[in-house]
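Have a look at the structure below before the remarks.
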Amino acid sequence: MTGASRRGLLAALAVALPVLVGVGYSVLASLGLTGPGAAGGGAARLAAVLGEPVVWSGLAWSLWVAAASTALAAAGAVVVAAMFRRGARTDRMARLFAVLPLPIPHLAAAVAGLLLLGQSGLLARLLASLGLLESPGGMPALVYDRAGLGLILTLAWKEFAFLALVAFSVVATRGERLEEVARTLGARPAAVFRRVTWPLLWRGLLPAVVAVFVFVASTYEATAVLAPSDPLALPLLTLERYTDADLTRRGDAFVLALLGMAVSLLAVAAHEWARSRWDRFEP
Amino acid sequence: MTAPTLEVRGVSVPFGDAPGLRDIGFALDPGERLVVLGASGAGKTTLLRAIAGLAPLAAGRLTVGGHDVTARPAESRDAVYLHQTPLLFPHLSVFENVAFPLRIRGYRDSEVRASVAELLESVRLEGLAGRRPHTLSGGQKHRAALARAMAARPAVLLLDEPLSALDPALRDEVRATLLSLQARYRPAMVIVTHDLEDAAVLGDRIGILLGGTLAQLDQPGRLFRRPASLAVARFLGVPNLVAGSVSASQFESALGPIPVEAETPRGPATAVFGSGALHPDPCGSLRGVVRSVHHGPRGVTLRVDVAGIELEAAPGAGAIPDPGDEFSLGLERDRVTVLPGTGDV
Amino acid sequence: MTAGSRSRPAVLAALALSALAPLALLLVASVGRDWFYPAPWPPSVTLESWWDAFRGGGRMAAALGTSLVLAVSTGLAGAVVGWPIGRALADLRGWPRHLGAAAAFLPVAVPPVSLATGLHLSALTAGVAGTAGGVFLSHLVPAAGYAALYFLGVFTLFDRRVEDEARTLGAGPWTVLWRVTMPMMRRQMGEAFLLGFLVSWAQVATTLVIGGGRVRTLPLEVFAYLQAGQDRYAATGALLLVIPALLMLGTVRLAVERAEATPL
């Protein structure tokens with residue numbers, strides 16, 4: 001092994017070590033070998049937690065929110081990237097507005113979402129002042145609602161900025177010259193979009209879409225502000241158990257933590273698998 | 001008489017704030033190859049993009065096969081533009097890249113298959129149909145891009161420096177493919193390059209793009225022997241430029257009188273000739289001393305001091321002289337062009 | 001794009017509204033006094049919450065200070081740790097390279113809640129649970145991951161021949177680092193710092209678990225205000241979270257411009 005690869009692998013170990021320690025501990029705790037409420041080895045705790053319906057409804061709810069908000073954000077990013085790709089002033093302004101929310105923390109976005117979409121939020125006030133709403137109760141529930149619409153809209157707004165940034169760069173770096181090639185080969189604008197722009201865009205955007213999905217599925221801040229208590233989203237359920245006074249229930253949190261990690265890793269692995277099948281882009 | 005495959009008339013193209021290209025005009029017959037030579041920045045790419053419909057014209061008219069295409073978008077001009085580096089679609093296989101022009105024209109799958117197979121075979125890529133572009137070598141990418149261009153059956157093929165970025169072996173490979181495809185599908189070609197060698201090998205005719213206009217448009221033989229202006233002669237790198245002046249009907253210089261055509265304007269002028277026009281000749285009227293001998297890939301040239309002027313000469317059929325040798329030289333007068341002006345020669 | 005260019009002005013207006021309206025709403029909510037439903041506009045304004053944010057000894061001011069100290073140290077430490085790791089990873093070839101990239105990706109991809117619960121015992125054992133130092137270390141884990149990934153990209157594109165040239169001109173390794181590489185990477189170091197700053201600035205789960213509620217950062221106070229129904233204070237805290245982020249907007253904009261200028 002050369003010096004460079006030894007150094008590199010040591011660096012890899014250094015950056016991943018805290019996570020590996022955390023995972024290792026969570027595995028041991030999930031198997032009841034250590035940690036709060038440890039009751040000797042075995043898969044009993046694992047089986048018990050995974051047998052609870054509330055775990056699976058929480059996971060399903062988190063996946064629904066992640067899928068819906070990611071899909072909304074990605075669709076918006078594709079449309080905006082395709083519409084505002086040139087060098088004109090309006091294009092540059094549109095790109096600036098699109099990426100503006102990028103550095104805003106999720107919690108701040110969630111507070112704005114609550115003040116806008118809540119039962120007595122700005123939207124309800126505006127509807128009321130237009131005479132469309134009698135009382136706050138008349139406002140369709142967008143916050144703490146079972147469908148998670150307020151959370152989905154907030155997360156989609158926040159993640160749209162990131163996906164738009166990636167989409168702009170995909171279109172700018174790869175798109176234009178290949179589109180020219182397609183045109184001189186005889187493709188009309190619709191065919192150029194369908195056969196060149198769109199395939200390039202979605203392939204270029206996919207890694208970012210997967211990253212957003214993984215992030216959103218496990219995000220805590222916005223979920224804690226906007227999500228309902230039933231079903232309780234997986235990240236909220238995990239922390240609820242972890243802060244439980246009952247030590248046995250506290251230990252259950254490690255199973256949920258591993259479940260959250262498994263979702264992230266599965267999504268990343270699925271993406272890697274798909275990418276290796278479709279073939280990679282030229283670097 | 002049939003219409004030319006491509007006719008460019010009075011075309012002006014702005015680039016940026018610069019005056020750009022002005023009043024470009026030429027016409028190509030089917031299967032004809034025109035090479036446009038110009039220094040980098042002369043606007044060669046701009047010209048091709050304008051013909052392809054990718055850059056707007058300020059003035060002028062373009063016809064393809066007799067149809068005015070000036071106002072048509074790029075996709076309906078019947079002219080395919082090939083970038084210098086082959087730009088294959090990265091998300092499509094080699095097969096689907098070549099099939100692209102056929103798919104968008106709505107050909108049936110069986111027709112696409114047959115046609116693509118034939119094209120891939122003609123560029124010797126039949127075994128690589130399923131590969132992705134990034135797995136191809138440089139030469140294979142070029143061949144695939146050429147096959148894809150031909151799949152559109154264009155009347156006009158526009159090639160931007162097709163050989164410039166290639167190493168010598170690859171150059172021959174791509175040039176051979178280019179010529180064999182053209183022999184088979186007969187598109188007219190406009191090829192832009194800064195390389196004199198490429199121009200000489202590829203062009204049926206060569207246009208010199210200088211200062212935004214076509215300074216000369218001629219067959220290679222005539223172009224290299226009879227440059228139209230001193231600027232063209234300098235651009236072509238004609239080795240011998242001898243200053244003098246025209247009076248009565250002859251050109252006077254240190255090399256002695258040379259008869260000129262009657263319409264040559266009087267005054268300062270320059271005699272222009274290649275090294276082949278000057279060679280050892282026992283009956284020659286000039287005396288020269290060899291300064292140095294250069295052995296190059298295409299033979300030997302001599303640097304000779306003649307009457308205080310250093311000239312390039314060919315060694316002729318005899319033995320190659322050594323530096324310091326003195327001998328008589330003959331100048332083939334009919335291979336000498338006398339051009340008005342002296343510039344800084 | 002085939003979807004008509006006629007809709008461009010409308011979409012542009014929607015983008016502007018979507019970018020600016022939430023911030024405007026936070027601003028109004030942060031100063032609105034007695035803003036009860038269904039008033040569309042607060043009847044009167046007060047700067048009380050803003051005063052509290054900048055007055056010494058105020059709860060919000062203390063949280064703001066804690067957050068700033070944590071974020072600045074995390075940003076600095078993340079850049080310092082991420083640089084050599086990213087560079088070493090960029091030197092890998094073949095399968096170890098994929099392994100290295102995956103390793104740097106782990107702390108970024110792992111759910112923060114899972115990371116927090118997984119590391120809590122280590123923090124307790126090390127005696128840093130419930131302290132700002134422990135919270136700093138827990139923020140550093142994802143921040144170092146981001147910085148390592150960032151520098152991995154930077155050094156993959158970096159032309160080492162510049163360093164080689166400096167070496168042949170007589171500079172030792174440290175001189176090269178100090179006088180050649182670091183000055184060339186000034187912008188990248190700044191961006192890595194900002195990355196780490198933002199990661200720490202927005203952390204909630206790790207702060208909650210590792211800090212055990214005793215390390216009060218700005219996001220934690222925002223949560224507390226929300227739970228207490230103090231919307232004005234929550235909005236003020238949210239805006240305080242946004243402001244440093246918006247100061248970065250110039251940087252983000254540069255990134256956009258650069259992405260567009262990247263040659264094929």
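For the range C:232-238, what does the Karplus curve 6.51 cos²θ - 1.76 cosθ + 1.60, with θ = phi - 60°, yield as ³J(HN,Hα) per residue in whole Hz, taken in order and with x for Gly and Pro?
Taking θ as phi minus 60°, the curve returns 4, 5, 4, 5, 4, x, 4 Hz for the range C:232-238.
Most mobile of C:Ala235, C:Ala61, C:Ala13 per a Gaussian network model of chain C (Cα springs, under 10 Å)?
So, out of C:Ala235, C:Ala61, C:Ala13, the one fluctuating most is C:Ala13.
Scan around C:Arg33 for amide H atoms under 5 Å from its own, H built in the peptide plane at 1.01 Å from N, and keep only partners 5 or more places away or cross-chain.
It is C:Ser44, C:Val45, C:Thr46, by chain and number.
Helix B:138-151: angle to the longest alpha-carbon principal axis of chain B, degrees 0 to 90, nearest 10?
70
At B:Val201 and B:Ala58, where each label point lies 7 Å from the Cα along Cα→Cβ, what is the point-to-point distance in nanometres?
According to this spin-label approximation, the distance is 3.6 nm.
If I fit a long axis through the Cα atoms of helix B:94-104 and take the longest principal axis of the Cα atoms of chain B, what angle between them do I get, 0 to 90°, rounded to 10?
That helix lies at roughly 70 degrees to the long axis.
Give me a comma-separated list of calculated 3J(HN,Hα) values for the range B:113-126, in order, Karplus coefficients 6.51, -1.76, 1.60 applied at θ = phi - 60°, integers in Hz, x for any Gly or Pro.
Result, ordered by residue: 4, 4, 5, 5, 4, 5, 5, 5, 5, 5, 10, 6, 10, 4 Hz.
So, in nm, how far is label B:Glu111 from label C:Leu246 when the simple model puts each one 7 Å beyond its Cα toward the Cβ?
So the two model labels end up 6.0 nm from each other.
Let me check I've understood the local charge: for B:Asp218, count other residues with C-beta under 12 angstrom from its C-beta, Lys and Arg +1, Asp and Glu -1. What total comes out? Intermediate values should be presented prior to the final figure.
Details: positive: B:Arg205, B:Arg222, B:Arg225, B:Arg226; negative: B:Asp204.
Computed value for this residue: +3.
Taking amide H positions as placed 1.01 Å from N in the peptide plane, with prolines and chain starts having none, which residues 5 or more places from B:Leu6, or on another chain, fall under 5 Å of its amide H?
Here the answer is B:Leu28, B:Gly65, since their amide H atoms fall under 5 Å of that of B:Leu6.
So for chain A, Kirkwood radius off the Cα pairs, Stokes-Einstein at 25 °C and 0.890 mPa s: how many µm² s⁻¹?
Working: Rh = 21.8 Å.
It comes out at roughly 112 µm²/s.
Sequence-distant or interchain residues sharing an amide H contact under 5 Å with B:Leu209, placed H: which?
Result for B:Leu209 returns B:Leu37, B:Gly38, B:Ala215.
Quick one: Karplus J couplings for the range B:225-232, per residue in order, coefficients 6.51, -1.76, 1.60, θ = phi - 60°, nearest Hz, x for Gly and Pro?
Ordered by residue, 3J(HN,Hα) equals 7, 10, x, 7, 8, 4, 4, 5 Hz.
Translational diffusion coefficient, Stokes-Einstein: compute it for the protein assembly as shown using the Kirkwood radius over C-alpha pairs as Rh, at 25 °C and 0.890 mPa s, and state it as an integer in µm² s⁻¹. Let's see the in-between values first.
Values: Rh = 32.8 Å.
Estimated via Stokes-Einstein, D reaches 75 µm²/s.
Return the tail of the calculated pair distribution for chain B, meaning the percent of Cα-Cα pairs more than 29 Å apart. Mind dumping the intermediate values first?
Working: 30018 of 59340 pairs.
For chain B, the fraction of Cα-Cα distances above 29 Å is 51 percent.
Would you compute, from DSSP H runs of 4+ residues alone, the mean residue ellipticity of chain A at 222 nm, taking -39500 (n - 2.57) per run and dividing by the full residue count, rounded to the nearest 500?
Working: 13 runs with 199 residues, N = 283.
Calculated mean residue ellipticity at 222 nm is -23000 deg cm²/dmol.
Let's test the formula: R0 of 30 Å, r as the Cβ-Cβ distance of B:Arg291 and B:Asp334. What FRET efficiency results, to the nearest 0.05? The partial results should precede the final answer.
Numbers: r = 27 Å, r/R0 = 0.88.
It comes out at approximately 0.70.
Which helices pass in chain A if a helix is a full DSSP H run, must span at least 24 angstrom along its long axis by Cα, and must have mean Kyte-Doolittle hydropathy not below 0.5? Write down the numbers at each step before the final one.
Values: long enough: A:3-30 (38 Å, 1.38); A:53-83 (45 Å, 1.62); A:149-170 (30 Å, 1.87); A:198-217 (26 Å, 1.86); A:247-278 (48 Å, 0.61).
Those that clear 24 Å and a mean of 0.5 are A:3-30, A:53-83, A:149-170, A:198-217, A:247-278.
Over chain C, calculate the relative contact order: mean separation of alpha carbon pairs under 8 Å at least 6 apart, over the residue count, as a percent.
Numbers: 295 pairs, mean separation 72.8, N = 264.
Computed value for chain C: 28 percent relative contact order.
With a 10 Å cut-off between alpha carbons and a GNM built on chain A, which of A:Pro140, A:Pro18, A:Pro207 moves the most?
For chain A, modelled as a Gaussian network with Cα springs under 10 Å, the answer is A:Pro18.
In whole Å, what are the extents of the range C:76-173 along the principal axes defined by its C-alpha atoms, from largest to smallest?
On the principal axes, the range C:76-173 reaches 52, 29, 17 Å in Cα extent.
Considering the dipole of chain B built from charges on the beta carbon (Lys and Arg +1, Asp and Glu -1) around the Cα centre, which of B:Pro90, B:Gly203, B:Gly31 is farthest to its positive end?
So the residue we want is B:Pro90.
Once the cut-off is 26 Å, how many percent of the Cα-Cα pairs in the range C:66-261 end up in the long-distance tail? Don't jump to the answer; show the numbers that get you there.
Numbers: 8007 of 19110 pairs.
Here the long-distance tail beyond 26 Å is 42 percent of all Cα pairs in the range C:66-261.
For the range A:170-235, with only Lys/Arg (+1) and Asp/Glu (-1) charged at the beta-carbon, what is the dipole magnitude about the Cα centre, in debye rounded to 20?
Numbers: 7 positive and 5 negative charges, 111 e Å.
The dipole of the range A:170-235 has a size of about 540 debye.
Suppose R0 equals 35 Å. What FRET efficiency, 1/(1 + (r/R0)^6) with r the Cβ-Cβ distance, do C:Ala16 and A:Glu134 give to the nearest 0.05?
Values: r = 32 Å, r/R0 = 0.92.
The formula returns an efficiency of 0.65 here.
At a threshold of 8 angstrom on Cα-Cα distance, excluding pairs fewer than six apart, so keeping six or more, what relative contact order does the range C:1-125 reach in percent? Can you show the working numbers first?
Details: 45 pairs, mean separation 10.4, N = 125.
This gives 8 percent for the range C:1-125.
Kirkwood Rh, Cα Rg: Rg to Rh for the range B:70-228? Before the final figure, lay out each step's value.
Numbers: Rg = 16.8 Å, Rh = 16.7 Å.
We get a ratio of 1.00 for the range B:70-228.
Taking the Cα centre of the protein assembly as shown as the origin and placing charges on Cβ (Lys, Arg +1; Asp, Glu -1), which of A:Ala257, A:Leu178, C:Leu198 is farthest toward the positive end of the dipole?
A:Ala257
How far is helix C:186-202 tilted off the main Cα axis of chain C, in degrees rounded to 10, range 0 to 90?
Approximately 40 degrees, to the nearest ten.
Averaged across orientations, what area in nm² does the convex hull of the alpha carbons in the range B:293-345 project? Before the final figure, lay out the partial values.
Values: hull surface 20.8 nm².
It is 5.2 nm².
For chain C, what does the helix formula give at 222 nm: sum of -39500 (n - 2.57) over DSSP H segments with n ≥ 4, over the residue count, nearest 500 deg cm²/dmol? Working shown, then result.
On the way: 13 runs with 195 residues, N = 264.
Only helices count here, giving -24000 deg cm²/dmol.
For chain C, set up a GNM with springs between Cα atoms under 10 Å and report which of C:Leu121, C:Leu137, C:Leu220 has the largest fluctuation.
Largest GNM mean-square fluctuation: C:Leu121.
What residue among C:Thr131, C:Leu68, C:Val209 has its Cα farthest toward the positive end of the dipole of the range C:66-261, where the charges are +1 on Lys, Arg and -1 on Asp, Glu, each on the Cβ?
After comparing all options, I get C:Thr131.
Please state the charge dipole magnitude for the protein assembly as shown, taken about the Cα centre, from unit charges on C-beta atoms (+1 on K and R, -1 on D and E), reported in debye and rounded to the nearest 20. Working shown, then result.
Numbers: 78 positive and 67 negative charges, 243 e Å.
That gives the protein assembly as shown a dipole magnitude of about 1160 debye.
Using a simple charge model, +1 on the beta-carbon of Lys and Arg, -1 on the beta-carbon of Asp and Glu, nothing else, what dipole does chain C show about its Cα centre, in debye to the nearest 20?
Details: 19 positive and 13 negative charges, 54 e Å.
So the dipole magnitude of chain C works out to roughly 260 debye.
Quick note: the coordinates plus some simple rules give every number you see, no bench work behind them. Remember, it's a predicted structure, so these values are computed and weren't measured experimentally. Every residue, glycine among them, receives a Cβ derived from its backbone with ideal geometry; neighbour counts consider all protein chains shown.
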